[in-house]
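The values are calculated or read from the model by the stated rules, or taken from the named source; none is laboratory data. Computed from a predicted model, the values in this text were never measured in an experiment. Cβ placement follows ideal geometry from the backbone for every residue including glycine, while neighbour counts extend to all protein chains displayed. Surface accessibility is based on the protein's heavy atoms, side chains included, excluding ligands, DNA and RNA. Shrake-Rupley method; radii C 1.70, N 1.55, O 1.52, S 1.80 Å.
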Amino acid sequence: MKFLNKMKGTLDAATRKSQDALEVNKLNSQIKKLEGDADRLYQSIGEKVYRDPVMAKQETKNHIKSLVHALEHLHRQIQEAKRKTLFLKDLVECDSCQKVVAIQTKYCPDCGNNIIELVRKTSKTLALNNSEFEL
C-alpha cells in the first residue's frame, strides 16, 4: 500500500509539472503577442511624431497620450504574465533588486530582501488576478 501511495504522489507531481509546462507555453505565447502589440503602438507613436515633430496639433498630442496609456496597460499585462511564468517554474523576482531566485529561498542573496514574504504576496496576487489571464 505504501508503494502505491508513493507512486500516486509521483504521478500527481508529474501531472502538475506537465500542466505547469503547458501553462508556461501559453503564457509565453501571450507575452509574445502582447510584445508585438506594444511594438505596433511604438511604431504608431513614431509615425505621429514624424508627421508632427513639434506636436503642434492637439490631435497629435491626444493620439500620443492615448497610445502611451495603452502601452502602459500592455506593459502591466506583460509583467504580470512574466511573474506568473516565473512562479510556475518555482522562481520569483526580488522586488528590490530584480534578481530571479528560487521560491524556497528565505532571503535574496544579493540584497537580503525577505523572499518568503514576497512569495506569499505574489501567490496571493496571482490567485486574485488569475481570471485576467485569457489562455
* To do: Quick one: count up the residues across segment 106-127 that are open to solvent by 40 Å² or more (accessible area, probe 1.4 Å) and touching a helix residue (DSSP H, G or I) at 6+ places or on another chain (Cβ under 7 Å).
  => 2
* surrounded by 15 or more Cβ atoms within 10 Å (Cβ to Cβ), hydrophobic (A, V, I, L, M, F, W, C) and within 13 Å of ILE78 (Cα to Cα) - does that describe any residue in segment 41-50? -> no
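Residue-by-condition table, conditions (1) open to solvent by less than 100 Å² (accessible area, probe 1.4 Å); (2) modelled with pLDDT of 95 or more; (3) under 18 Å from LEU86 (Cβ atoms); (4) not polar (S, T, N, Q):
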{"site": "ASN28", "(1), (2), (3), (4)": "yes, yes, yes, no"}
{"site": "LEU34", "(1), (2), (3), (4)": "yes, yes, yes, yes"}
{"site": "PRO53", "(1), (2), (3), (4)": "yes, no, no, yes"}
{"site": "ALA56", "(1), (2), (3), (4)": "yes, no, no, yes"}
